[in-house]
1. Quick check on the range 69-76. Is at least one of its residues touching a Phe, Trp or Tyr at 6+ places or on another chain (Cβ under 7 Å), assigned to a helix (DSSP H, G or I) and at pLDDT 90 or above?
2. List the residue pairs whose Cβ atoms are under 9 Å apart, where the first residue sits in the range 32-52 and is under 15 Å from Arg21 (Cβ atoms), the second is open to solvent by 100 Å² or more (accessible area, probe 1.4 Å) and of a type in the set (Lys, Arg), and the two are 6 or more positions apart or on different chains.
3. Scan the range 28-38 and tell me whether some residue there is open to solvent by 90 Å² or more (accessible area, probe 1.4 Å), farther than 30 Å from Ile127 by Cα, among the acidic types (Asp, Glu) and in a helix (DSSP H, G or I).
4. Run Leu144 past the list (1) of a type outside the set (Ser, Thr, Tyr); (2) at pLDDT below 75; (3) part of a loop (DSSP other than H, G, I, E, B) and report the number of the one that doesn't hold.
5. Out of the range 1-27, which residues are open to solvent by less than 60 Å² (accessible area, probe 1.4 Å) and assigned to a loop (DSSP other than H, G, I, E, B)?
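The values are calculated or read from the model by the stated rules, or taken from the named source; none is laboratory data. Just so we're clear, the structure is a prediction, and the values are computed from it rather than from any experiment. Note that each Cβ is placed from the backbone with ideal geometry, even for glycine, and that neighbours are counted across all protein chains shown. SASA here: full protein model, heavy atoms, side chains in, ligands and nucleic acids out. Shrake-Rupley method; radii C 1.70, N 1.55, O 1.52, S 1.80 Å.
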Amino acid sequence: QGIRQPPYEIEIYHKSGARRRFITIETPVFNAKGEVVAVEGTSRHITEKRKAEEQLENYRRNLEVLVEERTAELKTSRKQLLDIINFLPDPTYVIDTHERIIAWNRAMAEMTAISAATVLRQPYKTILEELFPDERPLLIEQVLKKRGGDDARPVAGDTAAPWGKHL
């Protein structure tokens, strides 16, 4: 009908029995009257390309499974660590690399009368300034200075206990 067909894939079996894949494009050829007199076609061998694409897709799927498994393991580990921190008898808090409180155990909540829900994800300095309004540095600040100077950042998992150790 004179309409160019979209590319399509075909499979051809070689005389050896091997399956080969081709992408084929067909274009009509017109005479002076505008009638289709022939169809010109081009086929390109894409067997290796498709094999590589399939292999990459398998790798991607396997990687997604591994990422999901590792994420689940990390969530479980994080929960276990937070459970341990929560049941420590000493008041304890944990800050992340952005200086936010990520754990505030029940002993800390009892000592300060501030619930974990109130302080989680808050900057630790804001919360501790309310508890210790004087200018003396906190133990965590001293640790951070020793690690890398005045602008040192905390490392995930750093803990500090401001009671009795307020310098």
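1. No, because not a single residue in the range 69-76 is touching a Phe, Trp or Tyr at 6+ places or on another chain (Cβ under 7 Å), assigned to a helix (DSSP H, G or I) and at pLDDT 90 or above.
2. Thr47/Arg19
3. No, every residue in the range 28-38 fails to be open to solvent by 90 Å² or more (accessible area, probe 1.4 Å), farther than 30 Å from Ile127 by Cα, among the acidic types (Asp, Glu) and in a helix (DSSP H, G or I).
4. Of everything listed in (1) of a type outside the set (Ser, Thr, Tyr); (2) at pLDDT below 75; (3) part of a loop (DSSP other than H, G, I, E, B), Leu144 misses just condition (3).
5. Once the filter is applied, which keeps residues that are open to solvent by less than 60 Å² (accessible area, probe 1.4 Å) and assigned to a loop (DSSP other than H, G, I, E, B), the range 1-27 yields Gly2, Gly17, Ala18.
Quick grid of which residues meet (1) acidic (Asp, Glu); (2) surrounded by 10 or more Cβ atoms within 10 Å (Cβ to Cβ):
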site	(1), (2)
Asn58	no, yes
Glu64	yes, yes
Thr71	no, yes
Gln80	no, yes
Met108	no, yes
Thr112	no, yes
Leu120	no, yes
Asp134	yes, no
